[in-house]
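The values are calculated or read from the model by the stated rules, or taken from the named source; none is laboratory data. As the structure is a computational prediction, the values presented were derived from the model and not from experiment. When we count neighbours, we look across all protein chains shown, and the Cβ atoms used for this are built from the backbone with ideal geometry, even at glycine. Ligands, DNA and RNA are stripped out before the accessible areas are found, and what is left, the full protein with its side chains, is counted by its heavy atoms. Shrake-Rupley method; radii C 1.70, N 1.55, O 1.52, S 1.80 Å.
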Amino acid sequence: MPGRSTSSSGSTGFISFSRVESALSSLKNFQACISSGMDTACSVALDLVETQTEVSSEYSMDKAMVELAMMDRELNHYLKAVQSTINYVKEERSEKIPDLKLLVEKKFLALQSKNSDADFQKNEKFVQFKQQLKELKKQSVKPKEDGGHNEFDKIKDKDASRAGNERDGLQADREADNTEELDEDMIVTQSQTNFICPITLLEMKKPVKNKVCGHTYDEEAVVRMIESRHRRKKKACCPKVGCSHTDMRISDLIQDEALRRAIENHNKKRRRQST
């Protein structure tokens, strides 16, 4: 990247950076393309988890996210190096213009030398990607199977083995079935509670998560609430009962794609069961 700059060593007098600043603006537009690419890779990875596609395909998306995060980091370093060089030359106002190419290279390499894996934890898109995958995997977990029997089958088999006769065995089966239905109802009720917006008390259509406190709300409702409070010159508190966060900002809200998919899948399953 640094090698693309043009050397101005030896020239004197006033130098205009308008073209350089215009090029920087174009590079910032390229950053938006990287961000869009990360959104796409995240969406594809979530699709793979949701459809339980082979792990190697999910890994390839993870690798793509790492490469995009590295590109974003390198581009950020280059932008900082160029901007820092421009500021340096403007402040120095030296009669002899320094070698701009060399200055940018030195600053860029200095920034690159500090690279570490911890940098990815500062990349918001990458962090969101990891969190969304983790959440969706939790939602997609199915009861463990053992020889074609799930945990509820094991309970029924165990109860049946204790029975001394066929009638007791059948009774145990019925009790186990009731236990299974109870457990499933509890799981569904808990999931549905997680789908409810604390503002509207209705199922969320487009859930967003607060980066500060981690609570989730329906996007339209929470944005309207924050804007209403700010118009009255007041701070917006998190509407989740018991939350101590008292200064909500729209910039702290991020799309909760994993929860949106979970709600969508739950509703699809419910519609199938009702037909």
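Computing FRET efficiency as 1/(1 + (r/R0)^6) for GLU74 and LYS240, where r is the C-beta to C-beta distance and R0 is 41 Å, gives about 0.60. Rounded to the nearest Hz, the phi-derived 3J(HN,Hα) couplings of region 102-119 under the Karplus curve 6.51 cos²θ - 1.76 cosθ + 1.60 (θ = phi - 60°) are 5, 4, 4, 4, 4, 5, 5, 5, 5, 5, 5, 5, 8, 4, 7, 5, 5, 4, where x marks glycine and proline. Give the carbon-plus-sulfur fraction of the accessible surface of region 189-260 in %, rounded to a whole number; probe 1.4 Å, heavy atoms of protein chains only. The value for region 189-260 is 50 percent carbon and sulfur by accessible area.
Here LEU109 and ILE34 are evaluated by their C-beta separation; at R0 = 30 Å the FRET efficiency comes out at 0.90. Among the listed pairs LYS80/LYS206; LYS240/LYS269; LYS138/LYS205, those whose Cα-Cα separation exceeds 25 Å are LYS80/LYS206; LYS240/LYS269.
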